[in-house]
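Working notes, structure below.
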Amino acid sequence: MKKEKVFLIIGMFLVATIFFITFSSSQISYCCEKTTEGASCQNVAEIQCNTNYKKAPTSCESTSYCKLGTCINSQEGTCTENTPLVVCEENGGVWSVEPAENLGQCQLGCCSIGDQTAFVTQTRCKRLSSLYGLETNYRTDINSELECITTSQPNVEGACVFTREYERTCLRTTKKECGDFKADAGKEDVDFFEGMLCTDENLGTNCGESQQTTCVEGDDAVYYLDTCGNIANVYDSSKKTDKDYWSRIFDKFESCGYDSLTGNANSKTCGNCDYFFGSTCKDYTTWEDSERPDLGNYICADLSCEYDGETYEHGETWCGTNNIESNDKYSPGTSSYRYVCYNGEVTIEPCADFRQEVCVDNEIQIEGSSDTYSVAACVVNRWQNCFNQQTQEECTNDDERDCEWVPFDTDDVVRRGTLSTTTVSERDEPNGYCIPAIAPGFDFWKGTTSAKEVCGLASNTCRVVYEDKLLSKEKIVEGEECLSEEWRLAQEAMCVSMGDCEGGYSRTENYQGFAGQNHSSYNILSEEEFKNE
Amino acid sequence: MGDKRGQVTIFIILAIVIVVGAVLAYFFIPGFGLTTGLSVENPEAFIESCMEDEIEMALEKISLRGGSLEPEHFFNYYNNPVEYLCYINQNYIPCIVQQPLLINHLKSELDESLQPVANSCFNDLKESYEDKGYNVEMKQGKIDTEFKIKSILFNFPNYELTVKKGETLKFDSFNIFVNNNLYELASIANSIIGWESTYGDAETTVYMNYYPHLKVEKKKQGDGTTIYIITNRETNKKFQFASRSLVFPPGYSR
């Protein structure tokens, strides 16, 4: 038991030393306005500073030129935090040491543009107005993005009826557009009928029902077109001659398949597509779509993905690894990947190398369905201070770290006590090891990451006592388990859990085992060798 | 055999007639030059035709290199230098913004790189008129790039061209419209930089939910650099940039 205590103390000391050496040997001392590589405001060694720019032997936060603050773009109406003064000003911005939330120019409000809203600064709202050529309404009394979104009201649409070349015709517009049209055309006989379709028989226009459909920019659904080319209601083949359906504007929630969990993907009869449920309007193609719409040439395209023989829903994310041959997801060289299915296409996002990030996924049960939905993310592997933890509680504190507690076999520990003279109190004796739950990787070939030292923490010595017999074979009187396969495997497991430390075993004269590239070792010594140690 | 030889001769004669006809038409039929670059009434088309390849090339280069034609501090991504828009050389801390006014930077890069091209094209235009016997007076100014939501407008505000051959024609309005949503892609990049500098990372799916026509990809590199690629699914136009933020290095290192 005492030997294990010492093992941990030595381990902690070693880790602390590694930190001290790495930090002190490469002390960052200069703030360079520009580095030789061209980066702005970095804390680097003096030699890396571009001599044509300012530098100071202090941290950038303490300098006047590289102090971080908020950079205001008064043309675009944007505020960017974490920007050094010099970088902001040399690009024509206005810099302030204050965080954006304390600056008047950066206060956010609700900007209504047409039937859309954006939670932006007032200057940004004006810029959006000029970009879209639409009038805006800016409200400072709305203080959250959610509230802003909920205030967005689609412009009331309806039928704008007028006479052209002695014929009564119609356009589907907003009330304002119809009013503008009336003013521009200088016509008196322009009337707006809110919520009505141009095909309403009571309006008496030359626009009639048709079986043509179309997609609308910025909208997911497939819509009917009337004979004048106006958009009517969502495509529903059962309503192709329904007088009521062709007389007033129906909301999407009143239309076919509104509660479909697939967003009516590939439906022949319904065009109520929904991007968030995995479908959107697109033109039908024989070789891509499994179903042909009953009417028109547009369909709710299925946005799910096929990958490796599996089907994933639009928006699903899941984990994968580059180590497809081994069951061990975290063996040396293994990296995690997040797979993303969007718009029928799978993209692959690698997590950080060396398992400094690992991909974690989970299945969510879809309400009202037996299907599940996979969600994945690359998360930081917090393994660095596992070795410092001395209790199981501290070790397995998921809020702080990603470690695993491996309990000792007490009998085994007592037998292995190579430094039994230690005076460490029994009360503080740890009863296990704290190791990374996911072994990190090392770029050991660079020699900058202390791979050797970290792997070396798994080195161990097991004592075997032999009794010489005059006439027969020597007899093992103590520590026979040190020579067992179980002990070897346990040590190897410990070794590989430290990181990219390969546990191997080769029996030499001194029963020395060595571990792969990074040389963790566990030695099995004879009695004599043990005494000489 | 004799028939075949006769047919070949007829084809050769026809080809010669077509080529000679085209050359004559180019020089003597007014307006025919429109397709090849110059129309007397429409010098704007000449400028557009003269500059379009250079504009496309500059836009593509600028988009794939993080907003700079010649990036100063970059990550080499498949032999393409991609500018760091947010960078920290240290580990465990979020990046420092390197290009807070990206839109303004794009504008100045385009203005600067296309100015010599514009001057050269206007000189070519002047020569073309002079070759046709016109007296030409030309005043050159500065190109001005203006971003729209889905296009870019290249204005030539102070350029003036007066041509005289009998009547006098004065042209003082030259504009070139290019369909390109660089503004939208750069605005998304700006937002990602904000996340990178504050939290050290950005979630790509958030942007794809808000903007279904965009694809946002994140490619982490071995040194902690992340390459972001924003693609318009409809036009396949891309904007990519590099960021190095909140890097957890392998092992214990600074």
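The values are calculated or read from the model by the stated rules, or taken from the named source; none is laboratory data. This one's a predicted model, so the numbers in the text were calculated from it and none came from an experiment. Neighbour counts are summed over all protein chains in view; Cβ atoms, including those assigned to glycine, are modelled from backbone coordinates with ideal geometry.
Things to note:
- Which listed residue, of A:Cys198, A:Cys270, is over 27 Å from B:Tyr210 (Cα atoms) and surrounded by 20 or more Cβ atoms within 10 Å (Cβ to Cβ): A:Cys198
- Filter result (surrounded by fewer than 19 Cβ atoms within 10 Å (Cβ to Cβ), in a strand (DSSP E or B) and within 11 Å of another protein chain (Cβ to nearest Cβ)) within segment A:347-396: A:Ile348, A:Val375, A:Ala377, A:Val379, A:Val380
Residue by residue, here is whether (1) in the same structural domain as A:Val454 (by TED's automatic domain parsing); (2) of a type in the set (D, E, K, R); (3) in contact (Cβ under 8 Å) with a residue 40 or more places away in the chain holds:
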position	(1), (2), (3)
A:Glu357	no, yes, no
A:Asn362	no, no, no
A:Val375	no, no, yes
A:Asn397	yes, no, no
A:Arg401	yes, yes, no
A:Glu404	yes, yes, yes
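- The set of residues in segment B:182-219 that are charged (D, E, K, R) and farther than 24 Å from B:Asn89 by Cα comprises B:Glu184, B:Lys215.
- Some residue of segment B:55-71 being facing chain A (nearest Cβ under 10 Å) and not hydroxyl-bearing (Ser, Thr, Tyr): yes
- Here is the figure for segment B:220-230: residues that are at the interface with another protein chain (Cβ under 10 Å from one of its Cβ atoms), on the phi < 0 side of the Ramachandran plot and either of a type in the set (Ser, Thr, Tyr) or over 20 Å from the mean Cα position of the chain (by Cα) (or both) total 5.
- Residue match in segment A:236-251 (condition: at pLDDT below 90 and outside the structural domain of A:Gly499 (by TED's automatic domain parsing)): no
- Those residues of segment B:165-182 which are assigned to a loop (DSSP other than H, G, I, E, B) and in contact with a Gly (Cβ under 9 Å, 6 or more places away or on another chain), in sequence order: none
- Residue match in segment B:113-130 (condition: in contact with a Ser or Thr (Cβ under 7 Å, 6 or more places away or on another chain) and away from chain A (no Cβ under 14 Å)): no
- Scanning segment B:186-236 for residues that are among the small types (Gly, Ala, Ser) and farther than 24 Å from A:Glu81 by Cβ gives a single hit, B:Gly222.
- Just so you know, in segment B:231-251 the residues that are without any contact (Cβ under 8 Å) to a residue 12 or more places away in the chain and buried (at least 22 other Cβ atoms within 10 Å of the Cβ) include one that is nearest to B:Ser187 (Cα to Cα), and it is B:Pro250.
- Wholly within segment A:1-101, strands (runs of 3 or more DSSP E) carrying at least 2 residues that are at pLDDT below 95, more than 9 Å from chain B (Cβ to nearest Cβ) and within 30 Å of B:Ala186 (Cβ to Cβ): none
- Inspection of segment B:199-212 finds no residue satisfying the criterion of being within 11 Å of chain A (Cβ to nearest Cβ) and part of a strand (DSSP E or B).
- Residue within segment A:168-190 that is more than 24 Å from A:Lys243 (Cα to Cα), touching a Gly at 6+ places or on another chain (Cβ under 8 Å) and either modelled with pLDDT under 95 or not hydrophobic (A, V, I, L, M, F, W, C) (or both) present: yes
- Going through (1) at pLDDT below 85; (2) in contact with a strand residue (DSSP E or B) (Cβ under 8 Å, 6 or more places away or on another chain) one by one, A:Pro154 falls short only on (2).
- Here segment B:205-230 is the region considered, the condition is being among the β-branched types (Val, Ile, Thr) and without any contact (Cβ under 8 Å) to a residue 40 or more places away in the chain, and the residue that is farthest from A:Phe277 (Cα to Cα) is B:Thr226.
- Unmet requirement for A:Arg172, which otherwise passes all of (1) over 30 Å from B:Asn209 (Cα atoms); (2) basic (Lys, Arg); (3) surrounded by 15 or more Cβ atoms within 10 Å (Cβ to Cβ): (1)
- Hey, A:Glu426 at pLDDT below 90 and outside the structural domain of A:Gly320 (by TED's automatic domain parsing) or not: yes
Residue-wise test of (1) at pLDDT 95 or above; (2) on the phi < 0 side of the Ramachandran plot; (3) surrounded by fewer than 21 Cβ atoms within 10 Å (Cβ to Cβ); (4) within 14 Å of another protein chain (Cβ to nearest Cβ).
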position: B:Gly133; (1), (2), (3), (4): no, no, yes, no
position: B:Tyr159; (1), (2), (3), (4): no, yes, no, no
position: B:Asp172; (1), (2), (3), (4): no, yes, yes, no
position: B:Leu182; (1), (2), (3), (4): yes, yes, no, yes
position: B:Lys215; (1), (2), (3), (4): yes, yes, no, yes
position: B:Lys218; (1), (2), (3), (4): yes, yes, no, yes
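- A:Asp226 being more than 14 Å from chain B (Cβ to nearest Cβ) and either touching a Ser or Thr at 6+ places or on another chain (Cβ under 9 Å) or closer than 29 Å to A:Asp353 by Cα (or both): yes
- Failed criterion for A:Ala118 (all others in (1) in contact (Cβ under 8 Å) with a residue 12 or more places away in the chain; (2) away from chain B (no Cβ under 14 Å) hold): (2)
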